[in-house]
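Reviewing the structure listed below.
The values are calculated or read from the model by the stated rules, or taken from the named source; none is laboratory data. Being a predicted model, the structure only gives us computed values, none of them experimental. Using ideal geometry, Cβ is built from the backbone for each residue, glycine included, and neighbour counts are taken over all protein chains shown.
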Amino acid sequence: VLRFYAYWNDTDNLFGECRRYVIHYYLADGTLEIREVYEKNDGRDPFPLMVGRRRFPKSMKNSTGESLTAVVKPTLL
């Protein structure tokens with residue numbers, strides 16, 4: 001399992017906020033799941049799965065919208 005930490009910065013919108021996620025990529029079968037990280041007393045229902053474990057396309061075909069960008073910041077543990 002590969003684990004990636006991500007965040008969605010929506011602070012440009014009214015009432016937007018920065019949300020944190022953990023992305024798990026399972027090497028055995030090529031599936032992916034996305035879990036939201038909740039803070040204590042943040043006022044949200046603790047339903048951690050944003051997207052359940054499933055296969056995702058590796059390339060976007062006929063995409064008309066904006067592409068997603070990723071900023072990678074290495075962290076030493």
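Would you check which residues across the range 23-50 are assigned to a loop (DSSP other than H, G, I, E, B), among the polar types (S, T, N, Q) and surrounded by 14 or more Cβ atoms within 10 Å (Cβ to Cβ) and list them? Across the range 23-50, there are no qualifying residues. In the set R3, R54, R35, R19, only one residue is in contact with a Pro (Cβ under 8 Å, 6 or more places away or on another chain), modelled with pLDDT of 80 or more and not acidic (D, E); that residue is R35.
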